[in-house]
Every structure is written in C-alpha cells, then in structure tokens.
1. Which one of these is within 14 Å of the ligand (Cβ to nearest atom) and modelled with pLDDT under 95: Ser9, Ser68, Ser40?
2. Restricting attention to segment 14-25, does a residue exist that is closer than 18 Å to Ser127 by Cα, near the ligand (Cβ under 9 Å from one of its atoms), surrounded by 20 or more Cβ atoms within 10 Å (Cβ to Cβ) and of a type in the set (D, E, K, R)?
3. Suppose we filter segment 88-139 for residues that are of a type in the set (D, E, K, R) and in contact with a Lys or Arg (Cβ under 9 Å, 6 or more places away or on another chain); how many remain?
4. Please count how many residues of segment 66-88 are of a type outside the set (A, V, I, L, M, F, W, C) and more than 24 Å from Met118 (Cβ to Cβ).
5. Go through segment 88-101 residue by residue and tally those that are surrounded by 10 or more Cβ atoms within 10 Å (Cβ to Cβ) and either over 15 Å from the mean Cα position of the chain (by Cα) or of a type outside the set (Gly, Ala, Ser) (or both).
6. So Asp49 fits all but one of (1) within 16 Å of Tyr6 (Cβ to Cβ); (2) touching a residue at least 40 places away in the same chain (Cβ under 8 Å); (3) not hydrophobic (A, V, I, L, M, F, W, C); what number is the exception?
Amino acid sequence: MRIAVYPGSFDPVTNGHIDIIERGLSIFDRIIVAVIKNPSKTPLFPIADRVAMIKQALKGKKNVSVESFDGLLVKFSKKVGAKAIIRGLRAVSDFEYEFQLALTNRKMKEDLETVFLMTDYKYSYLSSSLVREIAQLGGDISGFVPPAVKKYLK
Ligand code: ADP
C-alpha cells in the first residue's frame, strides 16, 4: 500500500491544499494529512481547530485521514509507514525552501521520497497567510477556503 504524508501548518486549510490532496489521492493509496502542532510561526488557529477544519472539509472522502504531529517529520512518516512526502509548489519563490527541506529529509531518511505537485493555476496565488489577513480585516474568504473553514470563522 502506497502511503504518503502531506505535512503543513494548515493555518487554515485552503482550497489550494484540498486540490493537492485530491490530486494526491489519484497517485497514492492513502494520504495522511499531517498537521504540524507547533510551526515556527505561532499559528492563528489552535491545533485542534486546524485539524477539525480539515476533517470537515474532507468529510466523506475515502483513503485520507488527518493527524497532528510534533517533532521530526521523518519520524512521523516512519511511524505511519509512509513512503513519500507530498508538498505543493506554487511559484519559484516556494522552490528554494522546499528544495532544502526535501534534501534534508532525504538525508535523514533515504527511502522517503518527496513528491511535488504543481498548484492548479486557479490557486497559484493562494496562501493561508493571505486568508488570515483577509479574515482579520473582515473580508469575504468564501472563494479561498472550503465551506467548513468559513463556517468556523463565522
Ligand atoms: P508550511 O507551513 O509547511 O509551508 P502550509 O500549510 O503553508 O504549510 O502548506 C503546506 C503545503 O501546501 C506546502 O507544500 C505548500 O507549498 C502547499 N501549498 C500551500 N498553498 C498551496 C496552493 N495554493 N497550491 C498548492 N500548494 C499549496
């Protein structure tokens, strides 16, 4: 069984993330969305809420589960039996950091591959930080996030 982890802070999950998950499911037998408990920047949404929003957004979808984790991604991946890490790429600006991360993870665990999926052009501009900013300024985020996130923000 081909299991992949899709790690991120998901603060909050956006339509761009959901698109990556859906497309990942056509390649892998199972995807575990791995929500980082304590990302380097203090998250706006508590971990329980970030997990709950993704679970709701993926309700009814088969072969995908959501978990939170702390510590090294390579350790978490080993624990859940994942063979690959999925990451999304939006623009060249994502590349340098993602490249460094992928090589570091590979150095730590050689049999764990990182697979990059290109964003759909519809979501190429979309980021969680943009959604947080719009929400905090009272703007409408309907077009950017799954309905579950909008409901939560209300
Ligand atoms: P992190 O803090 O680890 O970057 P994010 O939640 O911001 O976590 O993103 C998780 C992954 O999803 C990253 O690989 C990121 O590049 C990707 N991603 C974020 N937004 C989009 C989008 N609009 N389209 C495609 N991939 C995306």
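1. On the way: Ser9 fails: modelled with pLDDT under 95; Ser68 fails: modelled with pLDDT under 95.
The conditions single out Ser40.
2. Looking for residues that are closer than 18 Å to Ser127 by Cα, near the ligand (Cβ under 9 Å from one of its atoms), surrounded by 20 or more Cβ atoms within 10 Å (Cβ to Cβ) and of a type in the set (D, E, K, R), one finds none in segment 14-25, hence no.
3. Residues of segment 88-139 that are of a type in the set (D, E, K, R), as a first pass: 90, 94, 96, 98, 106-107, 109-111, 113, 120, 122, 132-133.
Cutting the leftovers down to in contact with a Lys or Arg (Cβ under 9 Å, 6 or more places away or on another chain) gives us 94, 98, 109, 111, 113, 120.
Of the residues in that region, 6 qualify.
4. First, the residues of segment 66-88 that are of a type outside the set (A, V, I, L, M, F, W, C): 67-68, 70-71, 75, 77-79, 81, 83, 87-88.
Still in the running and more than 24 Å from Met118 (Cβ to Cβ): 67-68, 70-71, 75, 78-79, 81.
So the count comes out to 8.
5. Applying the first criterion (surrounded by 10 or more Cβ atoms within 10 Å (Cβ to Cβ)) to segment 88-101 yields 88-90, 94-95, 97-101.
If we keep only those that are either over 15 Å from the mean Cα position of the chain (by Cα) or of a type outside the set (Gly, Ala, Ser) (or both) too, we end up with 89-90, 94-95, 97-101.
The qualifying residues number 9.
6. Checking Asp49 against (1) within 16 Å of Tyr6 (Cβ to Cβ); (2) touching a residue at least 40 places away in the same chain (Cβ under 8 Å); (3) not hydrophobic (A, V, I, L, M, F, W, C), the one that fails is (1).
The values are calculated or read from the model by the stated rules, or taken from the named source; none is laboratory data. Because the structure is a prediction, the values reported are computed rather than measured. Neighbour counts are summed over all protein chains in view; Cβ atoms, including those assigned to glycine, are modelled from backbone coordinates with ideal geometry.
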